[in-house]
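The values are calculated or read from the model by the stated rules, or taken from the named source; none is laboratory data. It should be emphasised that the depicted structure is a prediction, and the values quoted were computed from it without experimental measurement. So basically every Cβ, Gly included, is an ideal-geometry build from the backbone, and we count neighbours across all protein chains shown. For accessibility, only protein heavy atoms count, side chains too; no ligands or nucleic acids. Shrake-Rupley method; radii C 1.70, N 1.55, O 1.52, S 1.80 Å.
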Amino acid sequence: MSACPRPEGRVTLVGAGPGDPDLLTLRAVKAIQSADALLFDALIDPAILDLARPEARRIDVGKRCGRHAMRQSAINTLIARLAQEGAHVVRLKGGDPFVFGRGGEELDSLRAAGVPVTVVPGVTAACAAAASLQVPLTHRDVARSVHFVTGHGADGAVPMHDWLALVRSGGTIAAYMASRTLPKVAAGLIAAGMPGSTPAVAVEHASRPGERRLFGTIAGLPEALAAAGFEGPTLVLIGDVVALSREMAVPLRAAA
Ligand code: SAH
């Protein structure tokens with residue numbers, strides 16, 4: 001009698017959106033419901049995990065503020081091993097897996113291990129914050145492009161963006177992981193010619209119950225944000241479109 005062939009395992013890299021389970025795609029929900037194992041990080045809402053079958057393994061590989069629960073290389077190895085054992089592994093990633101989510105690295109390692117992978121897009125934080133504030137990221141005559149930038153370099157320093165190109169483009173800037181480095185990001189933009197009066201807003205926990213917003217100008221927001229003590233995930237939108245929000249308050253500080 002021949003041995004039973006091992007079931008073919010696979011991985012679905014799933015964008016879990018900004019937090020509110022209502023912002024999951026139907027495809028994400030279907031993947032979560034069919035998972036044998038879920039690997040998730042710190043930004044995933046427990047209500048999203050509740051969509052999985054009770055017997056599905058739930059593995060927290062969360063990382064917050066440099067406190068690594070599991071190294072990226074260990075995560076990559078674990079995902080591949082579970083799939084090679086025959087599991088449908090759902091790797092849940094906040095927002096969209098391919099926007100600052102290290103999804104590309106996980107994809108590379110799974111491809112190298114010969115594990116079949118599919119990717120489900122998710123609502124990225126910039127889009128969630130924009131929707132919540134009713135700020136269009138692009139708008140005819142106001143902003144013809146939108147730039148997703150990180151405020152956090154590989155070594156923890158502020159990345160060397162081409163500030164001049166960003167400012168010249170006149171597009172909206174969505175800065176991820178920038179709450180700590182905002183003073184340097186703002187200084188780079190202002191030195192490259194961005195008016196200090198350019199509207200900016202920081203949104204903490206976009207789409208979640210504790211969402212907080214802080215409006216200001218690119219000159220004034222860094223100091224105001226430091227004082228406000230936003231500790232949760234925070235996205236900063238910079239550009240004239242921010243003034244289109246009905247909530248745009250009086251600038252925190254006059255133009256520099
Ligand atoms: N892949 C994610 C981004 C991961 S990087 C995405 O597409 O959204 C983590 C950064 O995303 C945080 O530091 C913060 O800048 C931003 N972020 C994620 N969720 C957020 C939320 N609910 N509200 C505000 N910012 C968020």
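Descriptive notes on the structure:
- Distance cut-off 18 Å, percentage of C-alpha pairs in the stretch 98-186 lying past it: 58
- Measure of compaction for the stretch 125-244 (Cα Rg per 2.2 N^0.38 Å): 0.95
- Extreme residue, positive dipole direction of the chain, given options 87, 61, 133 (C-beta unit charges): 87
- Positive-end residue, the stretch 125-244 charge dipole about Cα centroid, Cβ charges, pick of 157, 209, 241: 241
- Placing +1 on each Lys and Arg Cβ and -1 on each Asp and Glu Cβ, with no other charges, gives the stretch 4-135 a dipole about its Cα centre of roughly 320 debye.
- Rolling a 1.4 angstrom probe over the protein heavy atoms with all chains in place gives the chain an accessible area of 50 Å² per residue.
- Rounded to the nearest 20, the size of the Cβ-charge dipole of the stretch 125-244 about its Cα centre is 140 debye, with Lys and Arg at +1 and Asp and Glu at -1.
- Share of pairwise Cα-Cα distances greater than 22 Å in the chain is 57 percent (whole percent).
- Distance from the C-alpha centroid of the stretch 123-184 to that of the stretch 83-115: 25 Å, rounded to the whole angstrom.
- Percent of beta bridges antiparallel (DSSP, the chain, rounded to nearest 5): 45
- Accessible-area composition of the chain, carbon plus sulfur, in percent [1.4 Å probe]: 55
- Dipole magnitude of the chain, debye to nearest 20 (Cβ charges: Lys/Arg +1, Asp/Glu -1, about Cα centre): 200
- Working from Cα pairs under 8 Å separated by at least six residues, relative contact order for the chain is 19 percent.
- Cα gyration tensor shape of the stretch 10-120, rounded if a/c is under 1.5, else prolate or oblate by comparing a/b with b/c: rounded
- Ranked by solvent-accessible area (1.4 Å probe, protein heavy atoms only, all chains present), the residues 59, 238 order from largest to smallest as 59, 238.
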